[in-house]
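Visitor: Quick one: structure below, then a few questions.
The values are calculated or read from the model by the stated rules, or taken from the named source; none is laboratory data. None of the values given here were measured: they were computed from a predicted structure. Note that each Cβ is placed from the backbone with ideal geometry, even for glycine, and that neighbours are counted across all protein chains shown. Ligands, DNA and RNA are stripped out before the accessible areas are found, and what is left, the full protein with its side chains, is counted by its heavy atoms. Shrake-Rupley method; radii C 1.70, N 1.55, O 1.52, S 1.80 Å.
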Amino acid sequence: MASNTLVRSTRVFLRTRRLPAGTRLAPMPAGADWFLGHLRLARHDAPGFLLRSTQQCGDVVRFRFGPMMAHLLARPEHVQFVLADHHRAFSKQARGFEKLRPVLGNGLLNSEGEFWLRQRRTIQPMFDRRALPQYGRIMAAAAADLAAEWDGRRGQTLDVAAEMMRLALKIVGLTLLDTDVTAGAGEVGEALTWLMHETQARIFSIFDLREKLPGGHNRKYRQKLAVLDVAVLRIIRERRAHPGGHDLVAQLLRAQDEQGNRMSDRQVRDEVMTIFLAGHETTANLLSWTWMLLALHPQAERRLRSELDGVLGGRAPDPSDCDALDYTRRVLQESLRLYPPAWFIPRAVLEDVTLDGYYLPQDSVVMLSPYVTHRLPQHWPDPERFDPDRFLPQQVEERHKWAYFPFGGGPRLCIGNHFAILEATLIVATLAQRFRLRLAGDQPVEHEALITLRPKGKLVMQLE
């Protein structure tokens, strides 16, 4: 891998020695190291660094990470260019996805071409809007179980990030695997967290030495990965032995492509791992940030509670209620704007591209960041302010369609976007009716930009 990186970087360097006519190189932020480039600046707070770089250099910013060249593209028109209009000129074989491959395999997130298209067509019906109500009832019941548990903990402090991770893990297990995996939630969650930190470190390691050096570190990597594999493969074996269920694994095992071919256990494992891990991790982070934002903005919390009282009148929510919970949905949308779990979308450039006069050479990388684009003041006035009314229909209509893309977009739009919003809506509607969460302590909550954007450390809140 290191040799491939150097070969690609050398080709990029040679191409930039003689630019195509009428093109120029994009500006670079100051402070690059002679050897690491901008890598040292990005390691501490990558989202903040990217945002500051856009403010300093403009909508197209060039970086050097070791020998590699990358460009951040911030404008909505640029996002549309990469994800939709010219998506075939860009590949998911960028470094971030390469480092995720040992964990997620060749599932929907990582696969490409005809294989990806076949898998997408096979799996899409399982996440169709018409299939969601059956999942929604399970989501609501799991949220009610947590509310009953919290009844005995009033007045206590909770790590709300851990609580949301546990709840989301339970829901994804019951809806997609027909199994309550929370008995092993601690071990599975700890393994996932460790692997995310390690994957992030491998992405930021220039010469790929971490995974090549022998010793206990790589043994631990294999052990943590085995924890996830054992959990998923055990369920696949059980479904093979007892077919007929309606959960995701059962449907994947029954699914056939247009030629009548079924998935192998390895294919099923990769798809389940992708949906299982991405599904609970991103939703848990969305919920954690939402509780923090509501605690910081009591007026928004009162509006939310008023809507829940008016629509639900104290009863438990049902999936059919979600269309009427307009303000609740806008709160979640604004939370996704400020703290998008998928905060960073890399793509490898497959052919020379000219964008707004800037030259993006083949073999370089382009970076899209919802965290950055969602803060462009020309589309989001006073961008750091929490304001769910940004998502009133008139404001949405007046804004560029691609100024907001928390679930990606184009052909690779996240397959679970409606699933996630339904889940988050039902959880917030269930818990906010009965509890108020207050931040414990005066320290601001910081983010931690791993593969997803998490609250850093614990999110300690008082349960009232």
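Visitor: Give me the percent of DSSP beta bridges within the chain that run antiparallel, rounded to the nearest 5.
Guide: That works out to approximately 85 percent antiparallel.
Visitor: Against the longest principal axis of the chain, how steep is helix 160-172, in degrees 0 to 90 to the nearest 10, with axes from Cα atoms?
Guide: 80 degrees
Visitor: Also: Among the GluC sites (Glu not before Pro) in the stretch 322-428, which ones are in a DSSP loop with at most 11 other Cβ atoms within 10 Å of the Cβ? Mind listing them?
Guide: For GluC sites (Glu not before Pro) across the stretch 322-428 that sit outside H, G, I, E and B with at most 11 neighbouring Cβ atoms in 10 Å, the list reads Glu384.
Visitor: Angle, helix 132-151 long axis vs. longest principal axis of the chain, Cα atoms, 0 to 90°, nearest 10?
Guide: Taking the Cα atoms of the chain, the angle to 132-151 is about 70 degrees.
Visitor: When a/c is below 1.5 the answer is rounded, else prolate if a/b is larger than b/c, else oblate, so apply that to the stretch 2-106 with a ≥ b ≥ c taken from the square roots of the Cα gyration tensor eigenvalues.
Guide: rounded
Visitor: On a 0 to 90° scale, report how tilted helix 298-312 is relative to the longest principal axis of the chain, with both axes built from alpha carbons and the result rounded to the nearest 10.
Guide: Between helix and principal axis, roughly 50 degrees.
Visitor: In the structure shown, do any of Lys401/Lys456; Lys170/Lys458; Lys92/Lys401; Lys99/Lys220; Lys92/Lys170 have a Cα-Cα gap over 28 Å, and if so which?
Guide: From the list (Lys401/Lys456; Lys170/Lys458; Lys92/Lys401; Lys99/Lys220; Lys92/Lys170), the Cα-Cα distance tops 28 Å for Lys401/Lys456; Lys92/Lys170.
Visitor: Also, I was wondering about something else. Check which residues have an amide H placed less than 5 Å from Ala26's amide H, if you skip close sequence neighbours.
Guide: Counting only residues 5 or more places away or on other chains, the set is Tyr359.
Visitor: Test of the criteria: in the stretch 229-322, which GluC sites (Glu not before Pro) are in a DSSP loop and have at most 15 other Cβ atoms within 10 angstrom of their Cβ?
Guide: Glu258
Visitor: With a ≥ b ≥ c the root eigenvalues of the C-alpha gyration tensor of the stretch 277-386, is it rounded (a/c under 1.5), prolate (a/b larger than b/c) or oblate?
Guide: Prolate is the answer for the stretch 277-386, as a/c is 1.5 or above and a/b outweighs b/c.
Visitor: May I ask you to rank Cys322, Cys414 by accessible area, largest first, using a 1.4 Å probe over the protein chains only?
Guide: Order by accessible area, largest first: Cys414, Cys322.
Visitor: For the chain, what is the mean residue ellipticity at 222 nm derived from helices alone (per DSSP H run of n ≥ 4: -39500 (n - 2.57); sum divided by total residues; nearest 500 deg cm²/dmol)?
Guide: About -16000 deg cm²/dmol.
Visitor: Right, something else. Determine ³J(HN,Hα), in whole Hz, for all residues of the stretch 321-334 in sequence, where each value follows from phi through the Karplus function 6.51 cos²θ - 1.76 cosθ + 1.60 and θ = phi - 60°; x replaces Gly and Pro.
Guide: Result, ordered by residue: 7, 5, 5, 7, 8, 5, 5, 4, 5, 5, 4, 5, 5, 6 Hz.
Visitor: Taking the stretch 139-189, which trypsin sites (Lys or Arg not before Pro) meet the DSSP loop condition and have no more than 15 other C-beta atoms within 10 Å?
Guide: Within the stretch 139-189, the qualifying trypsin sites (Lys or Arg not before Pro) (loop, at most 15 other Cβ atoms within 10 Å) are Arg153, Arg154.
Visitor: Could you list which residues have their amide H under 5 Å from that of Ala94, counting only those 5 or more apart in sequence or on another chain, with H placed in the peptide plane?
Guide: It is Ala348, by chain and number.
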